Amino acid sequence: MTEQPVIEVRNLTKKFKDFEALKSPGVSLKVMPKEVVVIIGSSGSGKSTLLRCMNRLIEPTTGQVFFNGEEITTKEININEVRKSIGMVFQQFNLFMHLTVGANIRLPLEKVLKLPEDEIKRRIAEVLVTVNLSEKIDAYPGELSGGQQQRVAIARVFAMRPKLIFFDEPTSALDPELTGEVLSVMKKLVTEFHYTLVVVTHEIPFAKELASRVIFMDEGEIIYRGPPGDVFENPSNERLKKFLSKILEMH
């Protein structure tokens, strides 16, 4: 039996009034179990819109999204139930500033998954070890660096044990030295825990090392897709070449 995609997008379009963020005939994409799919492209190319349509934080205009073989773009689906299995890490850390690190991680385990207390405590301790922040369990987000806050945000998602994690430019708000901390945690999710990830990022070294496939978006369309070697070492597409030369200049 052939393996089914964890998530599949078919002919997805998104219009905001007159602006086509995802152009027709639409974007199509499959992500298989344990794949790391990295989406690159300039600002405004539709990368974040695609990610948010995939878990319906934004409603697509047309097209379908399937999660584990089930369509999640139908009216009947309980999207909150589906989201228990799809983690999302944002550019802004979205932590509750009035809650400690431990309490931030606890909240979805208690309110969404309704886990027993001993399991909650066990998961909090486990994920804080993974992100290397055990000693910060009683600290408040305001006492942490941006990199530490983002690692707490990752820990909160990781504690839910999702089947799939989306990262929407997780390091773009961080200084370069803090970026490394976050990328090393993401690397751990891939190498030690074999997570399926979809990552929107400009971090080319991360994409080169860990991506199974790289997707290049431009002006609301997927222009090019392929293994990292083809994309970065030998790009045959002119728009992709131009984009990469810009990125390399910035770094």
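In this model, which of LYS84/LYS136; LYS84/LYS114; LYS34/LYS208; LYS14/LYS47 are farther than 18 Å apart at the alpha-carbon? Walk me through the numbers on the way to the answer.
Details: LYS84/LYS136 25 Å; LYS84/LYS114 11 Å; LYS34/LYS208 16 Å; LYS14/LYS47 12 Å.
From LYS84/LYS136; LYS84/LYS114; LYS34/LYS208; LYS14/LYS47, over 18 Å: LYS84/LYS136.
Output the peptides 122-135, 225-238 sorted from most to least packed, where packing is the average of other Cβ atoms within 10 Å over each peptide's residues.
Details: 122-135: 17.1, 225-238: 14.7.
Highest mean packing first, the order is 122-135, 225-238.
Charges only on Cβ, +1 for Lys and Arg, -1 for Asp and Glu: so what's the dipole of the chain about the Cα centre, in debye to the nearest 20?
Numbers: 33 positive and 33 negative charges, 93 e Å.
So the magnitude is around 440 debye.
Show ASP168, ASP138, ASP175 ordered by accessible area, largest first, where the area counts protein heavy atoms only and the probe is 1.4 Å.
Numbers: ASP168 5, ASP138 115, ASP175 85 Å².
Largest accessible area first, the list is ASP138, ASP175, ASP168.
Rounded to the nearest 0.05, what FRET efficiency is calculated for ARG239 and HIS98 with R0 set to 35 Å and r the Cβ-Cβ distance? All intermediate terms of the calculation are to be shown ahead of the outcome.
Working: r = 45 Å, r/R0 = 1.30.
Approximately 0.15, to the nearest 0.05.
When only Cα pairs under 8 Å and 6 or more residues apart are kept, what is the percent relative contact order across the chain? Display every interim value, and only then the final one.
Numbers: 434 pairs, mean separation 65.6, N = 251.
Relative CO of the chain lands at 26 percent.
Counting only heavy atoms of protein chains, what accessible area per residue, in Å², does region 102-157 have with a probe of 1.4 Å?
On the way: 2560 Å² over 56 residues.
Dividing the accessible area of region 102-157 by its residue count gives 46 Å².
Once the principal axes of the Cα atoms of region 132-251 are found, what is the range along each, listed largest first in whole angstroms?
Largest first, region 132-251 extends 51, 30, 24 Å along its Cα principal axes.
Pick out, in residue order, every one of the chymotrypsin sites (Phe, Trp or Tyr not before Pro) in region 89-138 that is DSSP loop and has at most 15 other C-beta atoms within 10 Å; say none if there are none. Provide the component values of the computation, followed by the final result.
Details: sites: PHE90, PHE93, PHE96; in loops: PHE90, PHE93, PHE96.
Filter output for region 89-138: PHE96.
With a cut-off of 18 Å, note down the residues of region 52-67 whose backbone N falls inside the zone around a label point 7 Å from the Cα of ASN11 toward its beta carbon.
Only 54, 60-67 pass the distance filter.
Please identify every one of the GluC sites (Glu not before Pro) in region 1-99 that sits in a loop by DSSP and has no more than 11 other beta carbons within 10 Å of its own beta carbon. Can you show the working numbers first?
Values: sites: GLU3, GLU8, GLU20, GLU35, GLU70, GLU71, GLU76, GLU81; in loops: GLU3, GLU35, GLU76.
Here the sparse-neighbourhood loop sites are GLU3, GLU76.
Consider just the alpha-carbon atoms of region 1-68 and return their Rg together with their Dmax, both in angstrom.
In order Rg, Dmax, the Cα atoms of region 1-68 give 12.3, 44 Å.
Arrange the residues LYS47, LYS114 by how much accessible surface each exposes, largest first, with a 1.4 angstrom probe.
Numbers: LYS47 10, LYS114 150 Å².
Listed by decreasing accessible area, they come as LYS114, LYS47.
Using Cα pairs under 8 angstrom and six or more residues apart, how large is the relative contact order of region 143-226, in percent? Write out the running numbers ahead of the final one.
Details: 69 pairs, mean separation 23.0, N = 84.
It comes to 27 percent, rounded to a whole number.
So for each of 201-211, 154-164 I average, over its residues, the number of other beta carbons within 10 Å; can you give me the resulting order with the highest mean first? Write down the numbers at each step before the final one.
Details: 201-211: 19.0, 154-164: 21.3.
Per-residue Cβ counts within 10 Å, averaged per peptide and sorted highest first, yield 154-164, 201-211.
List the residue ranges in the chain for DSSP H helices whose C-alpha atoms run 15 angstrom or more along the long axis and whose Kyte-Doolittle average is -1.0 or above. Don't skip to the end; give the middle numbers.
Working: long enough: 101-111 (16 Å, 0.06); 117-130 (20 Å, -0.33); 146-159 (20 Å, 0.06); 176-191 (22 Å, 0.43); 238-250 (19 Å, -0.26).
Length and hydropathy pass: 101-111, 117-130, 146-159, 176-191, 238-250.
On the protein heavy atoms, probe 1.4 angstrom, tell me the percent of accessible surface of region 21-164 carried by carbon and sulfur. Let's see the in-between values first.
On the way: 3350 of 6510 Å².
So the carbon and sulfur contribution to the accessible surface is 52 percent.
The values are calculated or read from the model by the stated rules, or taken from the named source; none is laboratory data. On a predicted model such as this, the values are computed, not experimentally measured, just so you know. Quick reminder, even Gly has a Cβ in these numbers, built from the backbone with ideal geometry, and neighbours come from all protein chains shown. The protein model used for the area step is the full one, side chains on, heavy atoms only, and it has no ligands, DNA or RNA in it. Shrake-Rupley method; radii C 1.70, N 1.55, O 1.52, S 1.80 Å.
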